[in-house]
Amino acid sequence: MYTLLLASASPARRQTLQAAGINTQVAVSAVDEEEIRRKLFATSTPPPARPRIVGCTGSESATGIRASQEVQALAAAKATAIWQELQAGKLSFPPTPRPEVILGCDSMLEMGGEILGKPHNPQLAHARLQAMSGNYGDLYTGHFLIDTATGKSAAAVSCARVYICELSEAEISAYVQTGEPLEVAGSFTIDGYGGAFVERISGDPHGVVGVSLPLLRQLLAQLGYQIADFWKSNTY
């Protein structure tokens, strides 16, 4: 049984992996996400490479491509920061052995030509949910894997189109008061209170939660692993 080290503080990502039987440890990096995003498209730097996008009919738009570039860069930064700490001997997980693979993820919603990350405050979350009511957006999640034995990496972005039902002002206010939409990309979730407001999804729903299991399987294969290698021994 191998171990996957998740470089993310997201409980939804960890729960998704664990529910899929994957032996998971967590280490949260201290990368400055806003600084990474600012530098990514600075005029003094070459434009970032266009990542491989899996799913989503809207992923060819200029804003969609930029969203995919941002989430891929942030996912890579998170995984790389944890990889460097592991290499420097700053991380250990006794009695668990050294993890075989590190996974970094990041998610953003693109809607109406705008890229939406975490709102962080109730006012912005409320305004975003008003705009999303009866609308749809494309949720991009970057995935970046590092093999800790070789340093080899594999990366791609999942994309799913999310359709939000018509929301009343009372529903929006009640949802914001739960605090759930404040620290999630796009101001909604499908695995919590917000699930009642998601009318349908075109694409992998796990990618909307924050980690696409089918894409993870593909990326692990690129590194020479099977996803079953990471299943817990008591998985049935």
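The values are calculated or read from the model by the stated rules, or taken from the named source; none is laboratory data. All of these numbers come straight from a predicted model, not from anything done at the bench. As a convention, Cβ positions derive from the backbone with ideal geometry for all residues, glycine included, and neighbour counts pool all protein chains shown. In case anyone asks, the SASA skips ligands and DNA or RNA and just uses the protein heavy atoms, side chains included. Shrake-Rupley method; radii C 1.70, N 1.55, O 1.52, S 1.80 Å.
Kindly list the number of the only condition in (1) assigned to a helix (DSSP H, G or I); (2) closer than 30 Å to Pro97 by Cβ that fails for Gly195.
Going through the list (1) assigned to a helix (DSSP H, G or I); (2) closer than 30 Å to Pro97 by Cβ, Gly195 breaks only (2).
Please go through segment 173-188 and pick out each residue that is open to solvent by 20 Å² or more (accessible area, probe 1.4 Å) and in a loop (DSSP other than H, G, I, E, B).
Those that are open to solvent by 20 Å² or more (accessible area, probe 1.4 Å) and in a loop (DSSP other than H, G, I, E, B): Gly179, Val184.
So is Asn135 of a type in the set (S, T, N, Q), touching a Gly at 6+ places or on another chain (Cβ under 9 Å) and open to solvent by 50 Å² or more (accessible area, probe 1.4 Å) or not? Write out each step before concluding.
Details: of a type in the set (S, T, N, Q): yes; touching a Gly at 6+ places or on another chain (Cβ under 9 Å): yes; open to solvent by 50 Å² or more (accessible area, probe 1.4 Å): yes.
It is true that Asn135 is of a type in the set (S, T, N, Q), touching a Gly at 6+ places or on another chain (Cβ under 9 Å) and open to solvent by 50 Å² or more (accessible area, probe 1.4 Å).
So which residues in segment 12-21 are aliphatic (A, V, I, L, M) and open to solvent by less than 30 Å² (accessible area, probe 1.4 Å)? Before the answer, list the steps.
The initial filter retains those residues of segment 12-21 that are aliphatic (A, V, I, L, M), namely 12, 17, 19-20.
Passing the criteria: Ala12, Leu17.
Residue by residue, here is whether (1) open to solvent by less than 10 Å² (accessible area, probe 1.4 Å); (2) under 19 Å from the mean Cα position of the chain (by Cα); (3) over 23 Å from Thr63 (Cα atoms) holds:
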residue	(1), (2), (3)
Ile102	yes, yes, yes
Ala127	no, no, no
Lys152	no, no, yes
Ala156	yes, yes, no
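Just name the residue that is least open to solvent (accessible area, probe 1.4 Å) out of those in segment 203-225 that are closer than 18 Å to Thr3 by Cα and touching a Lys or Arg at 6+ places or on another chain (Cβ under 8 Å).
Here the answer is Val211.
Just need a number here: residues in segment 99-109 that are in contact with a helix residue (DSSP H, G or I) (Cβ under 7 Å, 6 or more places away or on another chain) and either of a type in the set (Ser, Thr, Tyr) or part of a loop (DSSP other than H, G, I, E, B) (or both).
The number of residues fulfilling the criteria is 1.
Could you look through segment 198-235, keep only residues that are in contact (Cβ under 8 Å) with a residue 40 or more places away in the chain, hydrophobic (A, V, I, L, M, F, W, C) and not in a helix (DSSP H, G or I), and pick out the one that is farthest from Asp147 (Cα to Cα)?
Ranking the qualifying residues of segment 198-235, first place goes to Ile201.
Can you name the condition, by its number, that Tyr163 falls short on among (1) surrounded by fewer than 20 Cβ atoms within 10 Å (Cβ to Cβ); (2) of a type in the set (Ser, Thr, Tyr); (3) farther than 27 Å from Pro122 by Cβ?
(3)
Hey, Ala127 hits all of (1) modelled with pLDDT under 95; (2) in contact with a His (Cβ under 6 Å, 6 or more places away or on another chain) but one; which does it fall short on?
Every condition holds for Ala127 apart from (2).
Residues checked against (1) at pLDDT 95 or above; (2) on the phi < 0 side of the Ramachandran plot; (3) part of a helix (DSSP H, G or I); (4) of a type in the set (S, T, N, Q):
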site	(1), (2), (3), (4)
Glu60	no, yes, no, no
Thr80	yes, yes, yes, yes
Glu85	no, yes, yes, no
Gly89	no, no, no, no
Ser92	no, yes, no, yes
Pro97	no, yes, no, no
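Between a first residue in segment 22-47 that is closer than 15 Å to Gln69 by Cα and open to solvent by less than 40 Å² (accessible area, probe 1.4 Å) and a second residue that is in a helix (DSSP H, G or I) and of a type in the set (A, V, I, L, M), which pairs have beta carbons less than 8 Å apart while being 6 or more apart in sequence or on different chains?
Listed by first residue and then by second, the contacts come to Leu40/Ala73.
Identify, by number, the condition in (1) free of Cβ contacts under 8 Å to residues at least 24 places away in the same chain; (2) part of a loop (DSSP other than H, G, I, E, B); (3) over 17 Å from Met108 (Cα atoms); (4) open to solvent by less than 90 Å² (accessible area, probe 1.4 Å) that Ala9 doesn't meet.
So Ala9 meets the others, but not (3).
Going through Gln69, Gln84 one at a time, which residue ends up being farther than 24 Å from Gln15 by Cα and open to solvent by 40 Å² or more (accessible area, probe 1.4 Å)?
On the way: Gln69 fails: open to solvent by 40 Å² or more (accessible area, probe 1.4 Å).
When all the criteria are applied, what remains is Gln84.
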